[in-house]
Each structure stands twice: as structure tokens, then as C-alpha cells.
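The values are calculated or read from the model by the stated rules, or taken from the named source; none is laboratory data. Because the structure is predicted, anything quoted here is derived from the model rather than measured. Counting neighbours? That spans all protein chains shown, and the Cβs are built from the backbone with ideal geometry, glycine included. Accessible surface is based on the protein model in full, side chains and every heavy atom, while ligands, DNA and RNA are left aside. Shrake-Rupley method; radii C 1.70, N 1.55, O 1.52, S 1.80 Å.
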Amino acid sequence: MRKKIVAGNWKMNKTLDEGLALASEVANIANDEITDDAIAVLCTPFIHLSAVGKIVAGSNKVFLGAQNMSEHAGGAYTGDISADMLNSVGVNYVILGHSERREYHNESNAELASRVDAALANELTPIFCCGESLEVREAGTHVDFVSNQLKESLFHLDAEAFKKIVIAYEPIWAIGTGVTASSAQAQDMHKALRDGFAAQYGQDVADEISILYGGSAKPANAPELFSQPDIDGGLIGGASLKARDFVDIIKSY
Ligand code: PGA
């Protein structure tokens, strides 16, 4: 059975105090209300990780995630954070290749491949993001475009390593825009990606990979999205900043 995961991507939001209040609220409601069907991951800004880690320590429902990390182990990389540092504050998951990082920081598929390796070598689970722009979607080449992102960053892994990856499909045109991909559009892409994994690694491996949907997911549309056979959860931006909305999305399972 694939893991059902709902990860909150706080992006560059919340002061430390605000973030601690949000994390405590999520942890309280989630520990009471969410069943064993799904887990929550809080992907906070770096400066919150250590303190939020203490709030969620010991929970088997709420885990800690970072929004990025360096491919380097350490050294003269001003402003970067290593896998080792994330480990030292209890981080379990790390978002890699979010479209905002690809766009504003020119992250390439090759660079992301190195980050995936560094994360796995340090027992961090990558939440690997992929997704196409509106232009690519309108040209009808979205499946090829996204498949290529995954191929160039992930297909060097052997099957055992690949099984540790979580995928987040996030059409760029749906991120923060209020426009959600329809459940059929999302399901079609998730199925195409899973078929690609099956071709590369075999159906058994493909069936173990959690593929999350991201892009304006909220309590109102999550039940329909999550009812699709190849959608195994969500990567939630805006709606993860309100504890009630975030937990309600998780409870959509
Ligand atoms: P959104 O962001 O839910 O605000 O659209 C999703 C994401 O970028 O992870």
C-alpha cells in the first residue's frame, strides 16, 4: 500500500512565533483527528525547523520537512543548508525542485539529481517536484516535458533508491493561482507518470511510489482529487497556512 501524504509547503511565510503557533495548532488537531490512513509533513522555512521539530517530535502523524537543501556536504557555500544540518534538527523530508526554485534560482535537472543523491545518502525522503507551464500544457507536450524532468533527475537511481522518492506533480499554472487542475487532468498525468515508472523499474516498484498533487488544492477540492486512483496526497501551499484547512485536506481521505 502506498503511503498517503499531505505536505504543507509554507514557502516564505510566517515569522518564527507565527510558525510555532501554526505548527502547534496543526499538531494538536492532527493528532486528535487524523486517522492512520495519511500522514502530514510540515515543510517550514529553515529557521523554523529546529523549533517545529521539537513540537512534532514523537508524533507518528506529523513529520518535519525542509523546502530545499544543498547537494554539497559542507564548506564554502554561503546561504546554503546541508543534508547533515537538516538531519541534526530532525527533518525527515525535503522538497526538491519546486517550480519556484527552478524559476527564480535556475535549478536544473542535473543539479537536482545531485541533491536527490545527497538527500538519500542522508536518509532524507525527497519530495521531488515536477510540472509544466501553461505554455507547455497548451502545446500538448506536458507529459513529455514532465517525464523528462523525472528522467533527468531520478532515473539514474536503482530501483531500491527510487522506491524512497515521493513525487509531487504541480502544474505551474495551478500554483497559487486559484486554478486547480481538474481531477481528470491530474489523474491523467499521475497515471502517465506511474506508467513511465513501470516502464523503467517495473510495475511493482511503480505501484509503491506516492505521487502527490499540488496547485491550489483546498478543503473543497481535495476529496475529489484524492479519490483518483493515482493521486496519493497533496503538496499544499496557501491552504497549509491555516491549520483548520490543512487538517481538513488531510481528512479528505
Ligand atoms: P498552492 O501552492 O497550494 O498555494 O497553489 C502549491 C505549492 O506550490 O506547493
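Checked across segment 124-137, the condition of being open to solvent by 60 Å² or more (accessible area, probe 1.4 Å), within 21 Å of Cys43 (Cβ to Cβ) and not hydrophobic (A, V, I, L, M, F, W, C) holds for no residue. Against the numbered list (1) within 23 Å of Ala217 (Cα to Cα); (2) assigned to a loop (DSSP other than H, G, I, E, B), Val41 comes up short only at (2). Scanning segment 59-68 turns up one or more residues that are more than 17 Å from the chain's Cα centre (by Cα) and surrounded by fewer than 24 Cβ atoms within 10 Å (Cβ to Cβ). Being of a type outside the set (A, V, I, L, M, F, W, C), farther than 27 Å from His72 by Cβ and open to solvent by 20 Å² or more (accessible area, probe 1.4 Å) is a condition met by no residue of segment 148-171. Within segment 211-222, restricting attention to residues that are of a type in the set (A, V, I, L, M, F, W, C) and either farther than 21 Å from Thr125 by Cα or out of contact with any strand residue (DSSP E or B) (no Cβ under 8 Å at 6 or more places or on another chain) (or both), the residue that is nearest to the ligand (Cβ to nearest atom) is Ala217. Might you check whether a residue that is closer than 16 Å to Val146 by Cα, within 11 Å of the ligand (Cβ to nearest atom) and either within 17 Å of the chain's Cα centre (by Cα) or crowded, with 20+ Cβ neighbours inside 10 Å (or both) occurs anywhere in segment 223-238? Scanning segment 223-238, I find no residue that is closer than 16 Å to Val146 by Cα, within 11 Å of the ligand (Cβ to nearest atom) and either within 17 Å of the chain's Cα centre (by Cα) or crowded, with 20+ Cβ neighbours inside 10 Å (or both), so the answer is no.
Pairing each residue of segment 147-170 that is closer than 14 Å to Ser210 by Cβ with any residue that is surrounded by fewer than 14 Cβ atoms within 10 Å (Cβ to Cβ), provided the two are 6+ apart or on different chains, yields C-beta distances under 9 Å for Lys164/Glu123.
Residue by residue, here is whether (1) in contact with a Lys or Arg (Cβ under 9 Å, 6 or more places away or on another chain); (2) modelled with pLDDT under 95; (3) among the charged types (D, E, K, R); (4) within 22 Å of Lys3 (Cβ to Cβ) holds:
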{"site": "Glu111", "(1), (2), (3), (4)": "no, no, yes, no"}
{"site": "Ser114", "(1), (2), (3), (4)": "no, no, no, no"}
{"site": "Pro126", "(1), (2), (3), (4)": "yes, no, no, yes"}
{"site": "Asp144", "(1), (2), (3), (4)": "no, no, yes, no"}
{"site": "Ala161", "(1), (2), (3), (4)": "no, no, no, yes"}
{"site": "Ile165", "(1), (2), (3), (4)": "no, no, no, yes"}
{"site": "Ala174", "(1), (2), (3), (4)": "no, yes, no, no"}
{"site": "Phe197", "(1), (2), (3), (4)": "no, no, no, yes"}
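Cβ-Cβ distances below 7 Å connect no pair with a first residue in segment 18-43 that is without any contact (Cβ under 8 Å) to a residue 12 or more places away in the chain, a second residue that is among the aromatic types (Phe, Trp, Tyr), and a separation of six or more residues or different chains.
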